[in-house]
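Data first, discussion second: the structure below is written as structure tokens.
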Amino acid sequence: MEVLKVDIHHAGYSGRQDAVQDIHFTLNSGKLVGLIGPNGAGKSTTIKAIINLLPELAGNILFMHENKTCAYIPEQPVLYDELTLWEHLELSAAAYEMDREYFIKRSEELLFLFHLTDVKHHFPGSFSKGMQQKLMVIIGLLIQPDVYIIDEPFVGLDPRATMQFINLLEEEKTRGAGILISTHQLDIAERICDDIILIANGKLVTQGNLEQIREQCRLPKASLFDCFNSILENA
């Protein structure tokens, strides 16, 4: 079942309205789609267009059901200096009108998994980049939305936190969430993504599962890394 349909004719900023062009894809329930491309390809711009953070957008972004919830996990943590870690979670729970008993249970589970229980009443301004990124991940996972939009989540995460996050994403897929994740970590993308969208120079170059991309490259046993380089060389 489709949960998100993206039809971007062009989108961008004042003075550069066509930073990305002709980006068309759908996201289905229970699927994890990887958005990959070189630096400056337009991945983050595409994500900002989807969540309505761009001043210029020609096209349609359609969340398929009116009451669908969406969680956005940005590449750079966005936190409030005056709120503790726990208060950030409470703020998110209040925004989504979460049941108090469920909120406490879910929060404590996630804090334990990401080894942040001991600092839950501390201010995130004193945290490392990795700890701040864990908090952003926890906030996204807390509400268990129908759609996840995630931009470079593995930057700053240690291997243990990365594995824990991947496991939780698998659980969310099983629950039925649709997940769009932008990443430069091609080895991780190859492992966890059901489908891949490759963007270069602001345009969608190819999309499909790994087998389909291998067919396009005529590299039947190639890694995603090798396919990525082959496609870009011929783009």
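Taken together, the values in this text are just the output of simple stated rules run on the coordinates, not laboratory data. Please read these numbers as outputs of a predicted model, since none were measured by experiment. Note that each Cβ is placed from the backbone with ideal geometry, even for glycine, and that neighbours are counted across all protein chains shown.
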**Report entry** Simple Cβ-charge dipole of the chain, Lys/Arg +1 and Asp/Glu -1, about Cα centre, in debye nearest 20
**Finding:** 360
Query raised in the report: Among 213, 95, 139, whose Cα lies farthest out toward the positive end of the dipole of the chain, if unit charges sit on the beta carbon of Lys, Arg (+1) and Asp, Glu (-1)?
Result: 213
Report summary line: Relative contact order of segment 1-139 (C-alpha contacts under 8 Å, at least 6 apart) in percent is 23
Query - Reach of residue 203 by Cα under 18 Å, taken over lysines that are not fewer than 8 positions away in the same chain - result: 5, 43, 48
Requested in this report: Could you check how many percent of all C-alpha pairs in segment 2-87 are farther apart than 22 Å?
Outcome: 35
Query raised in the report: With charges only on Cβ, +1 for K and R and -1 for D and E, what is the dipole size of segment 150-226 about its Cα centre, in debye, rounded to 20?
Result: 180
Report task. Pull up the cross-link candidates among the lysines for residue 105, meaning alpha carbon to alpha carbon under 25 Å and not fewer than 8 places away within one chain. Result -> 68, 120, 134, 173
Query raised in the report: What is the antiparallel percent of DSSP beta bridges lying wholly in the chain, to the nearest 5?
Result: 55
Query raised in the report: Which whole-angstrom value gives the distance between the alpha carbon centres of segment 28-48 and segment 213-235?
Result: 18
Report summary line: Listing 147, 155 by rising number of other beta-carbon atoms within 10 angstrom, fewest first, gives 155, 147
Report task. Taking the Cα centre of segment 51-181 as origin, work out the dipole magnitude from +1 charges on Lys and Arg Cβ and -1 charges on Asp and Glu Cβ, in debye rounded to 20. Result -> 260
Query - Helix-only mean residue ellipticity at 222 nm for the chain, each DSSP H run of n ≥ 4 adding -39500 (n - 2.57), per residue, nearest 500 - result: -11500 deg cm²/dmol
Query raised in the report: Looking only at 70, 193, 217, which one moves most when the chain is put into a Gaussian network model with springs between Cα atoms under 10 Å?
Result: 217
Query raised in the report: Full extension from residue 52 to residue 109: what is 0.36 nm times the residue separation minus their Cα-Cα distance, to one decimal in nm?
Result: 17.4 nm
Query raised in the report: Which whole-number percent is the relative contact order of segment 1-71 (Cα, under 8 Å, 6+ apart)?
Result: 43
Report summary line: Taking Cα pairs closer than 8 Å and at least 6 residues apart, the relative contact order of the chain in percent is 28
Query raised in the report: Hey, can you rank 21-29, 174-182 by average C-beta count inside 10 Å, highest first?
Result: 174-182, 21-29
